[in-house]
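One structure is given below, encoded as structure tokens.
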Amino acid sequence: MSLLNDLFAKPLEPGYEDAAARRRAAGEKPTSERTWRSPALALGLVALGLLLTMAVVEVRNTASVVSSERQGLIEQIHNEDARVSRLQDDVTALESEISELEDSLLQNSATGQQTREEVESLQATTGAVAVTGPGVVVTVDDAEEQNAEDGTDRVLDVDLQQVVNGLWAAGAEAVSINGQRITPLTAIRQAQDIIQINYRPMNAPYEVSALGDSRSLANDFAHSAGGRWLSSIAGKNGIYYKVSSHDSLTLPAGNTPLSYATPGEGAS
Amino acid sequence: MIPLAGLVIGILAGLYFDVTVPLELQPYLPIAIVAALDAVFGGIRAVMEGIFNDKVFVVSFIANVLIAAFIVFLGDQLGVGSQLSTAVIVVLGIRIFTNVATIRRHIFHA
């Protein structure tokens, strides 16, 4: 503590006292009262002013550089976002053109009609087209107070996987999460605490919409493995969830690009 | 009034010449300023107590700035740069406060 005490008791450089004492001992009068004219003090203040200005100018410069860099990045992000949605629009337009052409080709014959119906039902199952119908919405959200170190009071990818599987098991015919249709090729996975569905980052709350018999679906889901999983994490980790029935839900079309699989020769 | 004029001249010179600090020295600039402030306030107090001494002031000014920068440099090399900066700022901050309080008492007699 003596160091700190010294610091408080003798904040002045001891050198001043010593020098004054030496002069007194040598019989000289200590420096005249209030020597504001000392060139050393003036020089010291010039140096201080210079240092201060340099530091302030430096900080301002770096701040402007950093903010302009960030501005550039933000602009780039916006541009790329706009490009992606433009391309997405193109894709949607081309897809609807394709299905129109298919329709007009198949309408002409009886077998064509039959094929068209088959294709439509297959498209609905695989998530290639948007579908509408009655169903349930399961809303899942992180716990209100999050203090678990391992993050179990947040919704994890495995929770959403369980919910989706539970809904399929309960007889759902189409499922989507926050507007992303779950297709046979959809992955629900987590990267750096962010859940990605169809490689798109999602934020809580997660709204899992499922089409099916709105009277039995909710009940069947509650008794499925997914429903039991949900109620168990709700009790254990405070995860919030709610199941509500709706008369009419619309699920968007999903994206199922097949890169490797092609319909074979013997396919019927 | 001469010291005050010196400060103004220093600030104006900094603005006018637009000096840039070399990148390697930038982390030490704030610490150097705090050390310089400490020396300057110590000098002003010494003047008011009638014991000012040119040599002591110059030596304490330069030594303060260099030692403070050196401690931070050492800390950076050892990976505890920010902690040592905090230590330097606490010590010099206490001295600046106490000295300024004494100067205030000399000026206002309160």
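For the stretch A:176-191, check the following and say yes or no: at least one residue is exposed (fewer than 12 other Cβ atoms within 10 Å of the Cβ) and not in a strand (DSSP E or B). Yes. Of the residues making up the stretch B:69-92, those that are within 10 Å of chain A (Cβ to nearest Cβ) and either exposed (fewer than 14 other Cβ atoms within 10 Å of the Cβ) or in contact (Cβ under 8 Å) with a residue 60 or more places away in the chain (or both) number 1.
Does A:PRO30 meet the test of being touching a Ser or Thr at 6+ places or on another chain (Cβ under 8 Å), modelled with pLDDT under 80, within 14 Å of chain B (Cβ to nearest Cβ) and in a loop (DSSP other than H, G, I, E, B)? So A:PRO30 fails the test. Quick check on the stretch B:13-30. Is at least one of its residues within 22 Å of B:HIS106 (Cα to Cα) and either facing chain A (nearest Cβ under 7 Å) or free of Cβ contacts under 8 Å to residues at least 40 places away in the same chain (or both)? No - not one qualifying residue is present in the stretch B:13-30. Only a single criterion out of (1) surrounded by 19 or more Cβ atoms within 10 Å (Cβ to Cβ); (2) within 29 Å of A:THR256 (Cα to Cα) is not satisfied by A:TRP168, namely (1).
In the set A:TYR206, A:TYR199, only one residue is within 23 Å of A:ALA225 (Cβ to Cβ) and either in contact (Cβ under 8 Å) with a residue 40 or more places away in the chain or not charged (D, E, K, R) (or both); that residue is A:TYR206.
Checking each residue in the stretch B:43-68 for being under 18 Å from B:PRO30 (Cα atoms) and more than 7 Å from chain A (Cβ to nearest Cβ) picks out B:ILE62, B:ALA63, B:ASN64, B:VAL65, B:LEU66, B:ILE67, B:ALA68.
Considering each of A:GLY235, A:GLY227 in turn, give the residue that is buried (at least 19 other Cβ atoms within 10 Å of the Cβ), in the same structural domain as A:ASP142 (by TED's automatic domain parsing) and either out of contact with any Asp or Glu (no Cβ under 7 Å at 6 or more places or on another chain) or not polar (S, T, N, Q) (or both). Show your work before the answer.
On the way: A:GLY235 fails: buried (at least 19 other Cβ atoms within 10 Å of the Cβ).
Just a single option satisfies the conditions, and that option is A:GLY227.
Pairs linking a residue in the stretch A:173-186 that is touching a residue at least 12 places away in the same chain (Cβ under 8 Å) to a residue that is surrounded by fewer than 21 Cβ atoms within 10 Å (Cβ to Cβ) and acidic (Asp, Glu), with Cβ atoms under 8 Å and 6 or more positions apart or on different chains, are A:ILE177/A:GLU207; A:ASN178/A:GLU207. The condition (being part of a helix (DSSP H, G or I) and surrounded by 11 or more Cβ atoms within 10 Å (Cβ to Cβ)) is satisfied by just one residue among A:LEU105, A:LEU101, A:LEU87, A:LEU94: A:LEU105.
Just to verify a result, which residue in the stretch A:115-153, among those that are assigned to a strand (DSSP E or B) and among the hydroxyl-bearing types (Ser, Thr, Tyr), is nearest to A:SER214 (Cα to Cα)? Can you show your working first?
Initially, the stretch A:115-153 is screened for residues assigned to a strand (DSSP E or B), giving A:131-141.
With among the hydroxyl-bearing types (Ser, Thr, Tyr) added as a condition, the list becomes A:132, A:139.
Working: A:THR132: 13, A:THR139: 15 Å.
Among those that are assigned to a strand (DSSP E or B) and among the hydroxyl-bearing types (Ser, Thr, Tyr), it is A:THR132.
Can you spot a residue in the stretch B:98-107 that is at the interface with chain A (Cβ under 7 Å from one of its Cβ atoms), on the phi < 0 side of the Ramachandran plot and either of a type outside the set (S, T, N, Q) or surrounded by 20 or more Cβ atoms within 10 Å (Cβ to Cβ) (or both)? Scanning the stretch B:98-107, I find at least one residue that is at the interface with chain A (Cβ under 7 Å from one of its Cβ atoms), on the phi < 0 side of the Ramachandran plot and either of a type outside the set (S, T, N, Q) or surrounded by 20 or more Cβ atoms within 10 Å (Cβ to Cβ) (or both), so the answer is yes.
When the residues of the stretch A:42-56 are filtered to those that are within 7 Å of chain B (Cβ to nearest Cβ) and within 41 Å of the chain's Cα centre (by Cα), the one that is surrounded by the fewest Cβ atoms within 10 Å (Cβ to Cβ) is A:ALA55. Are any of the residues in the stretch A:230-242 of a type outside the set (Lys, Arg) and closer than 26 Å to A:VAL91 by Cα? No, that holds for no residue.
Residues of the stretch B:48-63 that are part of a helix (DSSP H, G or I) and surrounded by fewer than 22 Cβ atoms within 10 Å (Cβ to Cβ): B:MET48, B:ASP54, B:LYS55, B:VAL58, B:VAL59, B:ILE62, B:ALA63.
One residue is enough: does the stretch A:145-159 have a residue meeting the conditions under 26 Å from A:SER259 (Cα atoms), buried (at least 18 other Cβ atoms within 10 Å of the Cβ), of a type outside the set (Ser, Thr, Tyr) and in contact with a strand residue (DSSP E or B) (Cβ under 9 Å, 6 or more places away or on another chain)?
Checking the stretch A:145-159: not a single residue is under 26 Å from A:SER259 (Cα atoms), buried (at least 18 other Cβ atoms within 10 Å of the Cβ), of a type outside the set (Ser, Thr, Tyr) and in contact with a strand residue (DSSP E or B) (Cβ under 9 Å, 6 or more places away or on another chain).
Could you go through the stretch A:59-75 and let me know if any residue there is in contact with a helix residue (DSSP H, G or I) (Cβ under 7 Å, 6 or more places away or on another chain), within 13 Å of chain B (Cβ to nearest Cβ), without any contact (Cβ under 8 Å) to a residue 40 or more places away in the chain and in a helix (DSSP H, G or I). No. Just to be sure before I move on: is A:ALA82 outside the structural domain of A:GLY227 (by TED's automatic domain parsing) and over 39 Å from the mean Cα position of the chain (by Cα) in the structure I sent? Criteria not met by A:ALA82.
The values are calculated or read from the model by the stated rules, or taken from the named source; none is laboratory data. No experiment lies behind these values; they were computed from the predicted model shown. Methodologically, a virtual Cβ is constructed for each residue, glycine included, from the backbone with ideal geometry; neighbour enumeration extends over all protein chains shown.
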